[in-house]
Amino acid sequence: MAGALAGFRVLEFASLGPGPFCGMMLADHGAEVIVAYRPGGAPDPRDPVFRSRKLVEVDIKTPEGRAQALELAKTCDAVIEGYRPGVMERAGLGPDDLLAANPRLVYGRMTGWGQYGPLAPTAGHDINYIAISGALNTFGRAGERPVAPLNMVGDYGGGGMMLAFGIVSALLHASRTGEGQVIDCAMTDGSAALMALIWGARATWGWEDKRGVNMLDTGAHFYDTYETADGLHISFGPIEPQFYKAALGKLGLEGDPDFAAQNDKTRWPRLKQKLEAVFRTRTRAEWTAIFEGTDACFAPVLSLDEAYVHPHNVARGTFSEIEGVRQPAPAPRLSRTPAAVPRRPTAL
């Protein structure tokens, strides 16, 4: 299989959310990823997060299954597991056990709360992990409840993507030194790291620790979504002065003195009301025709089906279809070692 990670072998103990996403990223870029699933728990082959994998049934609750998992780990460069702390140790498949058998092994542990800390033994989900990291409190409009951003920030961005980065980093170390290691990947940590810009903005921009009153959190009139005449929506984000000027020109507002002081926060609520009225005068398609191809930082808000056929996405091959299932194509794009075309999982 093509890809920068060709030649690396990964054992993924089947789990939900961030673990499979991490496995997908590694498999997309060439690693041979083997998913060990519990009896009766085979992944749905239509699910894109399990694409390009090899599947094998392993019951780690039995001596035979544990022996099977250990033998597989001996042949692998990395392991992914997403159970609560202590589960793998009790099964005899914890880091000490597997690194004793394979000292070069990278052992990736994916949890919400981490391997230690007061909350480590307890259950939770994405929404809880990003709540205590401070991330969730920033998503939403002023005066309204926080809005969960699907599971993008905890499970995928702060979890699976962080673990994939950690595994590749540790594989580089192992290739130089022959030393394996353990990765404690917690979604609380990862989602906190994704908020680095906002922590920096508190120190340098005067970011307020409130929802919906700052430039990037729907507080500003020039960084938000707006409804159009047909009940659809557009995204509007001309932050830089030159882009702001271009946008006002397309809106016919370049001479309105109200819009001259772009960063005067006292004006933002009033200016937002004005823009709401303006954008409701035309349909989404009409605004797209006016703005597209300009530097006004505009784009229509598309549904999943619309995104699949948008000309820009089609030109780049942003999406693909595997046996009738539409899904995102591998990312990012590597020039010398591009990812292979994804395929449905197959038996080991």
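Scan region 204-225 and give yes if some residue there is among the polar types (S, T, N, Q), in a loop (DSSP other than H, G, I, E, B) and modelled with pLDDT of 95 or more, otherwise no.
Taking every residue of region 204-225 in turn, at least one turns out to be among the polar types (S, T, N, Q), in a loop (DSSP other than H, G, I, E, B) and modelled with pLDDT of 95 or more.
I'm checking my understanding of the structure. Among residues of region 332-348 that are in contact with a Lys or Arg (Cβ under 9 Å, 6 or more places away or on another chain) and in a loop (DSSP other than H, G, I, E, B), which one is farthest from E32 (Cα to Cα)?
So, considering only residues that are in contact with a Lys or Arg (Cβ under 9 Å, 6 or more places away or on another chain) and in a loop (DSSP other than H, G, I, E, B), the one farthest from E32 (Cα to Cα) is R333.
Residues that are at pLDDT below 95: find the helices (runs of 4 or more DSSP H) completely inside region 255-321 holding 3 or more of those.
none
What residue, of P338, P330, P300, is out of contact with any strand residue (DSSP E or B) (no Cβ under 6 Å at 6 or more places or on another chain), touching a residue at least 60 places away in the same chain (Cβ under 8 Å) and open to solvent by less than 60 Å² (accessible area, probe 1.4 Å)? Spell out how you get there, then give the answer.
Numbers: P338 fails: open to solvent by less than 60 Å² (accessible area, probe 1.4 Å); P300 fails: out of contact with any strand residue (DSSP E or B) (no Cβ under 6 Å at 6 or more places or on another chain).
Exactly one of P338, P330, P300 is out of contact with any strand residue (DSSP E or B) (no Cβ under 6 Å at 6 or more places or on another chain), touching a residue at least 60 places away in the same chain (Cβ under 8 Å) and open to solvent by less than 60 Å² (accessible area, probe 1.4 Å), namely P330.
Within region 303-315, work out how many residues are loosely packed, with under 12 Cβ neighbours inside 10 Å and charged (D, E, K, R).
Within region 303-315, residues that are loosely packed, with under 12 Cβ neighbours inside 10 Å and charged (D, E, K, R) number 1.
Go through region 124-160 residue by residue and tally those that are of a type in the set (A, V, I, L, M, F, W, C), assigned to a helix (DSSP H, G or I) and closer than 14 Å to I198 by Cβ.
Residues meeting the conditions: 3.
Residues in region 115-152 that are closer than 24 Å to V33 by Cβ, buried (at least 17 other Cβ atoms within 10 Å of the Cβ) and out of contact with any Gly (no Cβ under 6 Å at 6 or more places or on another chain): how many?
Number of matching residues: 1.
Of everything in region 177-234, what is open to solvent by 60 Å² or more (accessible area, probe 1.4 Å) and charged (D, E, K, R)? Give them in sequence order.
E179, D184, D189, R202, E208, D209, K210, E227, D230
For region 291-326, which residues satisfy the criterion of being on the phi > 0 side of the Ramachandran plot and of a type outside the set (A, V, I, L, M, F, W, C)?
Matches in region 291-326: G293, G317, E323, G324.
I'd like to check which strands (runs of 3 or more DSSP E) are fully inside region 24-111 and have at least 1 residues that are open to solvent by 60 Å² or more (accessible area, probe 1.4 Å) and over 19 Å from R9 (Cβ atoms).
none
Taking only region 159-168 into account, find how many residues are open to solvent by less than 50 Å² (accessible area, probe 1.4 Å) and either of a type in the set (F, W, Y) or without any contact (Cβ under 8 Å) to a residue 60 or more places away in the chain (or both).
So the answer is 1.
Considering each residue of region 186-231, count those that are closer than 30 Å to E286 by Cβ and aliphatic (A, V, I, L, M), and give that number.
4
List pairs: first in region 236-251 and under 19 Å from L216 (Cβ atoms) and part of a loop (DSSP other than H, G, I, E, B), second among the hydroxyl-bearing types (S, T, Y) and open to solvent by 40 Å² or more (accessible area, probe 1.4 Å), Cβ under 8 Å, 6+ apart or cross-chain?
Note: pairs meeting the criteria are G237/Y223; I239/Y223.
Which of the residues spanning region 246-281 are open to solvent by less than 30 Å² (accessible area, probe 1.4 Å) and small (G, A, S)?
The answer is A247, and nothing else.
Conditions first: (1) at positive phi; (2) under 30 Å from the mean Cα position of the chain (by Cα); (3) at pLDDT 95 or above. G252 passes all but one, so which condition is the exception?
(2)
The values are calculated or read from the model by the stated rules, or taken from the named source; none is laboratory data. Here the structure is a predicted model, which means the values were calculated and not measured. Neighbour counts run over all protein chains shown; Cβ positions are idealised from the backbone, glycine included. Ligands, DNA and RNA are excluded from the accessible area calculation, which covers all protein heavy atoms including side chains. Shrake-Rupley method; radii C 1.70, N 1.55, O 1.52, S 1.80 Å.
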